[in-house]
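Student: If you scroll down you'll find the structure; I have some questions about it.
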Amino acid sequence: MIDLQLPSEAPARVAPPDLRGVFELGDDGAYRRWREVKLRQQPTDVDALVVDVADPRRLSQAELAALRDRIARCNMAVYRSPVTAADRRLPLRLGAQLGLQRLDANWLADEDGISPIAVDAGRGDAGEGGGAYIPYTSRAINWHTDGYYHPAQRRIHAMILHCVRAAASGGDNLLMDHELAYIALRDAEPRWVAALMNDDAMCIPARQGEGGVARAAQAGPVFSVDAGSGALHMRYTARTRSIEWKDDAPTREAAAFVRRLLDGDTDGDTAGRFALKLQPGMGLVGHNVLHARSAFVDDPGQPRLLYRARYLDRVRG
Ligand SMILES: [Fe+2]
């Protein structure tokens, strides 16, 4: 497993970039300038994402600045704290300090909008077609961004995953900044980016419940630009069942490229995938980056428990 150490020298602070025109295919100049800065600022290993904090509920200005710095560079940060008590309000209090207010409470979340991610037969068995909702099982979760089955007005822009208890073995997270996936795709073939920005690029079929349609079919783009911030949003799942890609060559090629990129056999300088295992007191905070989870085995006396909060806001500052 990765030995998580802070780099001995803190990197220079990074200001949020000017995103005007960057994600328009007609404006290659803006894209090139942004790309150059982005790639130069990339951490090369997961250690550089980690920020030690005394208490995520009460961050110092320096801790807050360090988290914002990581998020500005690569849309995510990992905090490491000695707070191992099961405090459901911890993610909410952490999020509020980063400007995250509007929680997305999905129907499997509890009333406070927090989803306790643990093996849970009740939640795990409620899945599509009698299958399992994989987050609530011990199975691996394929690459995705959160809320890919949501409509446009419920885009998940940020998330917090806080570890209360780790699995006895496995349960590692794989992470990739979705902006790096965009760069790899645009550098390889701009037509593929155009294909994945179409409103009908990727459709999640309707989910049938006992009384009929429990969730309407959800078609939408993979890449879209947030109107308020100009930031890139990615809506993605690597699942191959219960998903319909637009049936044309650029979309098929683009989807295959993203798959190869995430599975690791695409060359280039944007390989930025990170692997880490969250330990008790640690958590992931940032935008809705690409992520996956390995299967795990629980200690029955100390089963894995993560609290997840998802937000319609982006990180502020
Ligand atoms: Fe997820």
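The values are calculated or read from the model by the stated rules, or taken from the named source; none is laboratory data. Just so it is clear, the structure is predicted and the values come from calculations on it, not from any experiment. No Cβ is skipped: glycine too gets one built from the backbone with ideal geometry, and neighbour counts run over all protein chains shown. Only protein heavy atoms, including side chains, enter the accessible area calculation; ligands, DNA and RNA are left aside. Shrake-Rupley method; radii C 1.70, N 1.55, O 1.52, S 1.80 Å.
Student: Go through (1) within 30 Å of Q97 (Cα to Cα); (2) open to solvent by 30 Å² or more (accessible area, probe 1.4 Å); (3) modelled with pLDDT of 95 or more and name the single condition Y149 misses.
Tutor: (3)
Student: Anything in segment 181-224 that is over 15 Å from H150 (Cβ atoms), in contact (Cβ under 8 Å) with a residue 24 or more places away in the chain and open to solvent by 30 Å² or more (accessible area, probe 1.4 Å)? List them, or say none.
Tutor: Scanning segment 181-224 gives D187, A188, E189, P190, R191, W192, A194, M197, N198, D200, Q208.
Student: While we're here: Check segment 191-200 and report whether any residue there is among the acidic types (D, E) and at pLDDT 95 or above.
Tutor: Our first condition is that a residue be among the acidic types (D, E); within segment 191-200, this holds for 199-200.
Checking the rest, the ones that are also at pLDDT 95 or above come to 199-200.
Checked segment 191-200: at least one residue is among the acidic types (D, E) and at pLDDT 95 or above.
Student: With the structure loaded, tell me whether L67 is open to solvent by less than 10 Å² (accessible area, probe 1.4 Å), under 14 Å from L278 (Cβ atoms) and either among the hydrophobic types (A, V, I, L, M, F, W, C) or touching a Phe, Trp or Tyr at 6+ places or on another chain (Cβ under 9 Å) (or both) or whether it fails that test. Explain how you work it out, then say what you get.
Tutor: Values: open to solvent by less than 10 Å² (accessible area, probe 1.4 Å): yes; under 14 Å from L278 (Cβ atoms): no; either among the hydrophobic types (A, V, I, L, M, F, W, C) or touching a Phe, Trp or Tyr at 6+ places or on another chain (Cβ under 9 Å) (or both): yes.
No, not satisfied.
Student: Of all residues in segment 155-175, how many are within 15 Å of A309 (Cβ to Cβ) and over 14 Å from the mean Cα position of the chain (by Cα)? Outline the logic, then answer.
Tutor: Here is the first cut: in segment 155-175, the residues within 15 Å of A309 (Cβ to Cβ) are 156-164.
Next, from what is left, pick out any that are over 14 Å from the mean Cα position of the chain (by Cα): 163-164.
So the answer is 2.
Student: Test of understanding: among A249, A292, A309, which residue is surrounded by fewer than 22 Cβ atoms within 10 Å (Cβ to Cβ) and within 16 Å of the chain's Cα centre (by Cα)?
Tutor: Working: A249 fails: within 16 Å of the chain's Cα centre (by Cα); A309 fails: surrounded by fewer than 22 Cβ atoms within 10 Å (Cβ to Cβ).
Checking each option against the conditions leaves just A292.
Student: Among A214, A271, which is assigned to a loop (DSSP other than H, G, I, E, B), at pLDDT below 95 and either among the hydrophobic types (A, V, I, L, M, F, W, C) or closer than 22 Å to T137 by Cα (or both)?
Tutor: Exactly one of A214, A271 is assigned to a loop (DSSP other than H, G, I, E, B), at pLDDT below 95 and either among the hydrophobic types (A, V, I, L, M, F, W, C) or closer than 22 Å to T137 by Cα (or both), namely A271.
Student: Moving on to the next point. Only one residue in R239, R314 is surrounded by 18 or more Cβ atoms within 10 Å (Cβ to Cβ), in a loop (DSSP other than H, G, I, E, B) and touching a His at 6+ places or on another chain (Cβ under 8 Å). Which one? Give the steps one after another, and end with the answer.
Tutor: Numbers: R239 fails: surrounded by 18 or more Cβ atoms within 10 Å (Cβ to Cβ).
Going through R239, R314 in turn, the sole match is R314.
Student: Take the conditions closer than 13 Å to Y307 by Cβ, in contact (Cβ under 8 Å) with a residue 60 or more places away in the chain and open to solvent by less than 10 Å² (accessible area, probe 1.4 Å) and apply them to L103. Does it pass?
Tutor: Working: closer than 13 Å to Y307 by Cβ: yes; in contact (Cβ under 8 Å) with a residue 60 or more places away in the chain: yes; open to solvent by less than 10 Å² (accessible area, probe 1.4 Å): no.
No, not satisfied.
Student: Would a scan of segment 286-301 turn up a residue that is in contact with a Phe, Trp or Tyr (Cβ under 7 Å, 6 or more places away or on another chain), outside any strand (DSSP E or B), within 16 Å of the ligand (Cβ to nearest atom) and in contact (Cβ under 8 Å) with a residue 40 or more places away in the chain?
Tutor: No, segment 286-301 has no match at all.
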